[in-house]
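The values are calculated or read from the model by the stated rules, or taken from the named source; none is laboratory data. Please read these numbers as outputs of a predicted model, since none were measured by experiment. Cβ placement follows ideal geometry from the backbone for every residue including glycine, while neighbour counts extend to all protein chains displayed. The protein model used for the area step is the full one, side chains on, heavy atoms only, and it has no ligands, DNA or RNA in it. Shrake-Rupley method; radii C 1.70, N 1.55, O 1.52, S 1.80 Å.
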Amino acid sequence: MKKSLTTLFCGGLLSAVMAPAGFGQLTNYSQDFEGLNAADPNALINDGWLLFASGINGSGSFTNFGAGPFGPALGGQVVAISTFDAGGDPPAGTQGLVFFSDYDSGLHQDPNDPRDLVLSLFQERVITAADIGTTVTFSWLADGNAAPPTGDAIAEAFLITLDPNANFSATNNLSFDTTATLDGALAANSLTLDLTDPALVGQILQFGFRNTASDFEGSAVDYDNVNFVVPEPASLALVGLGGLMMVSRRRQANR
């Protein structure tokens with residue numbers, strides 16, 4: 001099985017919602033999964049997680065299965081909130097996220113299908129003019145699973161931007177390989193992207209996790225403490241500082 005992700009569009013697509021002028025669409029995100037109901041099949045959907053599936057062959061070409069957004073299109077057999085109380089082994093606390101391939105898919109079931117199944121689980125945002133000049137950081141905690149990636153299966157964290165005006169081609173495509181994360185060896189890592197190019201306005205930003213597998217290869221990795229940090233743009237920080245100075249002067253004048 002050969003894999004090439006360099007030309008693969010692995011993300012999903014939501015219709016863009018335009019933000020009011022002067023306000024950034026990108027917002028901070030933090031999730032340790034402790035507050036989600038592991039028994040609720042919609043818990044991750046309600047928290048904004050999306051799923052996208054595609055098949056990739058050895059040449060790098062792919063087939064979009066149209067399996068997003070996250071939900072019943074894949075039978076709910078690809079991701080779960082693991083709980084310590086139910087015998088799970090979350091990386092931190094009592095609940096975490098375990099992400100694995102869809103073994104009900106024909107790409108696993110059919111030995112004559114040469115394609116690999118690529119699943120992306122992610123959060124999505126839209127970049128606006130107010131976001132240009134910021135540096136965003138996506139961080140997570142990973143831990144190996146009892147059914148880890150085997151063969152040449154791949155597990156990754158990713159941070160990507162997609163241009164809807166260029167057939168959703170990737171304009172930034174950062175990834176971090178989590179395939180070899182050992183069980184019990186917690187690994188905290190991050191991906192950072194500078195949003196300095198004005199051409200990014202209107203583009204889609206996604207961050208999350210991805211796995212590629214076929215032929216019933218193992219694929220599971222445990223994740224926890226997921227954070228997406230968007231610093232306040234310098235221009236807004238200066239406005240805020242100016243406002244504080246004005247309040248201070250008014251207080252001094254009223255004394």
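Considering every residue within region 153-163, establish whether at least one is among the aromatic types (Phe, Trp, Tyr) and within 23 Å of residue 44 (Cα to Cα).
Yes: region 153-163 contains one or more residues that are among the aromatic types (Phe, Trp, Tyr) and within 23 Å of residue 44 (Cα to Cα).
Quick check on region 109-119. Is at least one of its residues closer than 30 Å to residue 202 by Cβ and at pLDDT below 95?
yes
Only one residue in 183, 224, 194 is charged (D, E, K, R), at pLDDT 95 or above and under 22 Å from residue 88 (Cα atoms), so which one is that?
Step by step, each of 183, 224, 194 is checked, and only 224 is charged (D, E, K, R), at pLDDT 95 or above and under 22 Å from residue 88 (Cα atoms).
Report whether or not residue 172 is free of Cβ contacts under 8 Å to residues at least 40 places away in the same chain, open to solvent by 10 Å² or more (accessible area, probe 1.4 Å) and within 17 Å of the chain's Cα centre (by Cα).
Yes; evaluated as a whole, the condition is true for this residue.
Please state which one of 102, 143, 116, 152 is buried (at least 20 other Cβ atoms within 10 Å of the Cβ), over 20 Å from residue 227 (Cα atoms) and touching a residue at least 60 places away in the same chain (Cβ under 8 Å).
116
Can you work out which of the residues in region 103-150 that are outside any loop (DSSP other than H, G, I, E, B), among the polar types (S, T, N, Q) and closer than 26 Å to residue 164 by Cβ is farthest from the chain's Cα centre (by Cα)?
134
When the residues of region 202-218 are filtered to those that are in contact with a Ser or Thr (Cβ under 6 Å, 6 or more places away or on another chain) and either surrounded by fewer than 21 Cβ atoms within 10 Å (Cβ to Cβ) or not basic (Lys, Arg) (or both), which remaining residue is farthest from residue 152 (Cα to Cα)?
Residue satisfying both the conditions and the ranking: 203.
Is it the case that residue 189 is open to solvent by 30 Å² or more (accessible area, probe 1.4 Å) and at pLDDT 95 or above?
The answer is yes for residue 189.
What's the total number of residues in region 115-146 that are of a type in the set (Gly, Ala, Ser) and under 22 Å from residue 43 (Cβ atoms)?
3
Looking at region 23-42 only, could you name the residues that are out of contact with any strand residue (DSSP E or B) (no Cβ under 7 Å at 6 or more places or on another chain) and among the acidic types (Asp, Glu)?
The one that is out of contact with any strand residue (DSSP E or B) (no Cβ under 7 Å at 6 or more places or on another chain) and among the acidic types (Asp, Glu): 40.
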